[in-house]
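Structure record follows, encoded as structure tokens.
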Amino acid sequence: MTANNLVIVRAGKNSLHNHWLDQAPETRSWDLIVSYFDKEAFDSHQEQPGVKKLYYEGGKWSGIYDAIERTNSLRSYEYFWCPDDDIYSKGENINEMFITAKKWNLELCQPALTNASFFFHFIVTQCHAFDLRFTNFVEVMLPCISCNYMIDIMPIIKSRHTGVGLDLIWGTPTLNPKNAVAVLDKTPMAHTRPVGAVLKGVV
């Protein structure tokens with residue numbers, strides 16, 4: 001795994017991450033860790049170049065912490081993208097997301113949601129007039145996080161089962177939102193599942 005960026009998805013049996021892998025591996029600027037919370041899905045995973053599978057019984061953010069620690073990835077990548085497994089996108093769009101984050105030297109950002117997406121916060125739905133909008137808010141559904149900022153928040157996510165409340169604080173501790181936090185309208189992605197559907201099913 002030698003790309004500049006890393007995607008970590010906590011995945012179940014209906015994960016959409018295979019749609020992200022529609023390009024030849026050598027054209028992707030990112031590696032992928034599929035951290036399964038579903039043992040059956042883990043066992044049926046088919047190996048692919050640039051993709052590593054893990055199994056972890058726990059929540060999204062403690063699982064992301066586990067994936068970074070187990071693969072010693074923290075200082076190996078420029079950006080980390082941590083989407084839910086019900087995000088639909090093509091691989092080239094993910095490439096463009098990382099390009100945009102690096103171009104603007106962002107510490108924390110997210111792709112906007114397509115206008116047909118299920119959403120909770122209207123502010124993160126796509127605004128077609130802009131390439132990106134600087135903000136002080138990025139939701140936990142699909143954040144893109146710089147290496148430096150991931151180092152800062154690792155202690156925060158270590159024991160978190162869910163991301164509830166995380167999106168209300170992580171744009172402020174060490175960042176200047178005016179320059180470092182943004183929603184990327186240029187690279188919208190679709191959220192395909194009603195907000196909170198899975199969480200409600202396990203609580």
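The values are calculated or read from the model by the stated rules, or taken from the named source; none is laboratory data. Fair warning: this is a prediction, and the values are worked out from it, not measured in the lab. All Cβ positions, even for glycine, are placed from backbone atoms using ideal geometry, and neighbour counts span all protein chains on display.
Determine whether region 47-62 contains at least one residue that is small (Gly, Ala, Ser), modelled with pLDDT under 95 and in contact with a strand residue (DSSP E or B) (Cβ under 6 Å, 6 or more places away or on another chain). So far as region 47-62 goes, yes, one or more of its residues are small (Gly, Ala, Ser), modelled with pLDDT under 95 and in contact with a strand residue (DSSP E or B) (Cβ under 6 Å, 6 or more places away or on another chain).
Taking residues in region 141-164 that are under 14 Å from Tyr77 (Cβ atoms), and partners anywhere that are outside any helix (DSSP H, G or I) and basic (Lys, Arg), the pairs with Cβ atoms closer than 8 Å and at least 6 places apart or on different chains are Cys147/Arg75; Ile151/Arg75.
Here Lys39 passes the criteria (1) buried (at least 18 other Cβ atoms within 10 Å of the Cβ); (2) farther than 28 Å from Asp152 by Cα; (3) in contact with a Phe, Trp or Tyr (Cβ under 7 Å, 6 or more places away or on another chain) except the one numbered (1).
The helices (runs of 4 or more DSSP H) located wholly in region 84-203 include none with 3 or more residues which are at pLDDT 85 or above and under 22 Å from Gly12 (Cα atoms). Being among the aromatic types (Phe, Trp, Tyr), in contact with a Cys (Cβ under 7 Å, 6 or more places away or on another chain) and either within 25 Å of Asp167 (Cα to Cα) or part of a helix (DSSP H, G or I) (or both) is the requirement here; does Tyr65 meet it? Here the answer is no, as Tyr65 does not meet what is asked.
Please determine whether any residue of region 37-48 is touching a helix residue (DSSP H, G or I) at 6+ places or on another chain (Cβ under 9 Å), among the small types (Gly, Ala, Ser) and either part of a strand (DSSP E or B) or within 20 Å of Ile87 (Cα to Cα) (or both). No, every residue in region 37-48 fails to be touching a helix residue (DSSP H, G or I) at 6+ places or on another chain (Cβ under 9 Å), among the small types (Gly, Ala, Ser) and either part of a strand (DSSP E or B) or within 20 Å of Ile87 (Cα to Cα) (or both).
Return a yes/no flag: does region 19-35 have any residue that is among the polar types (S, T, N, Q), farther than 22 Å from Leu184 by Cα and assigned to a loop (DSSP other than H, G, I, E, B).
There is no residue in region 19-35 that is among the polar types (S, T, N, Q), farther than 22 Å from Leu184 by Cα and assigned to a loop (DSSP other than H, G, I, E, B).
Within region 68-83, the set of residues being in a loop (DSSP other than H, G, I, E, B), within 15 Å of the chain's Cα centre (by Cα) and either under 11 Å from Val9 (Cβ atoms) or without any contact (Cβ under 8 Å) to a residue 24 or more places away in the chain (or both) comprises Cys82, Pro83.
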